[in-house]
Amino acid sequence: RAKHGDLVVIHDLSVKRTTNGEGNVRDLTYAQLHRLDAGFGEGVPLLEDVLRHFGHRVLLNIEIKEKGIEREILHLVQNFRLQNGVLISAFDSDDNDSDADSSWNQLDVCRGIVPTALLAQESKIMRMGWPAYLEEAIRRGAFAIHPESKTVYSEAVKVAHGRGRGLLVNTWTVNTPRSIETFREM
């Protein structure tokens with residue numbers, strides 16, 4: 001969220017890594033963020049603009065990064081009639097990096113309206129175990145799970161897909177053609 005409450009699309013709390021600017025997103029206005037170069041001369045966009053321009057063209061994964069924005073995101077998605085064109089995901093409160101304070105509880109407001117996904121880092125999956133992670137996703141009515149790639153193995157994917165679970169598995173971060181093919185085959 002930008003300084004005056006605008007929902008913007010950016011991965012980090014700071015603009016330093018992904019733009020040519022400096023400072024924290026929450027301290028900059030949307031006008032300031034939009035003037036930065038976030039790649040190919042484009043500024044940091046509003047979520048509303050991304051939904052408007054791309055929502056009916058591709059499946060968008062909207063990752064909730066901060067508390068209290070889930071209802072506003074859901075409202076935008078519904079206004080653009082993109083309930084089947086987005087996937088809303090979040091890390092849990094005990095699994096966030098320094099750039100987020102989200103929780104899986106935020107996804108509950110979307111249940112039955114928009115598909116959701118439970119993001120999880122390796123440490124969270126190791127603490128919970130794959131069976132508990134899958135059961136939590138089912139209990140919450142999730143459409144998908146988004147586990148960190150180093151935790152994913154073919155048997156876990158089969159279990160997620162099978163026995164009435166039908167969970168989509170989208171792993172991250174997969175950066176080599178060989179890894180991409182390995183996960184695609186799973």
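Quick check on the range 51-66. Is at least one of its residues outside any loop (DSSP other than H, G, I, E, B) and out of contact with any strand residue (DSSP E or B) (no Cβ under 8 Å at 6 or more places or on another chain)?
yes
Kindly list the number of the only condition in (1) out of contact with any Lys or Arg (no Cβ under 9 Å at 6 or more places or on another chain); (2) surrounded by 12 or more Cβ atoms within 10 Å (Cβ to Cβ); (3) outside any helix (DSSP H, G or I) that fails for N175.
Of (1) out of contact with any Lys or Arg (no Cβ under 9 Å at 6 or more places or on another chain); (2) surrounded by 12 or more Cβ atoms within 10 Å (Cβ to Cβ); (3) outside any helix (DSSP H, G or I), only one is false for N175: (2).
Regarding the range 59-79, can at least one residue be identified that is open to solvent by 40 Å² or more (accessible area, probe 1.4 Å), among the polar types (S, T, N, Q) and over 14 Å from the mean Cα position of the chain (by Cα)?
Yes, the conditions are met somewhere in the range 59-79.
Name every residue in the range 150-164 that is surrounded by 15 or more Cβ atoms within 10 Å (Cβ to Cβ) and either assigned to a loop (DSSP other than H, G, I, E, B) or at positive phi (or both), in order of residue number.
Across the range 150-164, the qualifying residue is only V152.
Which count do you get for residues in the range 82-95 that are open to solvent by 40 Å² or more (accessible area, probe 1.4 Å) and under 15 Å from C110 (Cβ atoms)?
2
Please identify the pairs in which a residue from the range 145-162 that is closer than 17 Å to R127 by Cβ has its Cβ atom under 6 Å from the Cβ atom of a residue that is open to solvent by 20 Å² or more (accessible area, probe 1.4 Å) and β-branched (V, I, T), counting only partners at least 6 apart or on another chain.
I145/V169; P147/T171; V152/T171
Output yes when any residue across the range 18-25 is buried (at least 19 other Cβ atoms within 10 Å of the Cβ), among the polar types (S, T, N, Q) and either free of Cβ contacts under 8 Å to residues at least 60 places away in the same chain or not in a helix (DSSP H, G or I) (or both), and no when none is.
yes
If you take the residues in the range 30-58 that are open to solvent by 70 Å² or more (accessible area, probe 1.4 Å) and within 20 Å of the chain's Cα centre (by Cα), which one is nearest to S103 (Cα to Cα)?
That would be E48.
Every residue in the range 96-129 that is open to solvent by less than 20 Å² (accessible area, probe 1.4 Å), over 20 Å from E70 (Cα atoms) and hydrophobic (A, V, I, L, M, F, W, C), please.
Within the range 96-129, I125 is the sole residue that qualifies.
The values are calculated or read from the model by the stated rules, or taken from the named source; none is laboratory data. Only a predicted model underlies this, so the values are computations on that prediction, with no experimental measurement involved. Please note: Cβ atoms are built from the backbone with ideal geometry, for glycine as well, and neighbour counts cover all protein chains shown. Side chains included, ligands, DNA and RNA excluded: accessible areas come from the protein's heavy atoms. Shrake-Rupley method; radii C 1.70, N 1.55, O 1.52, S 1.80 Å.
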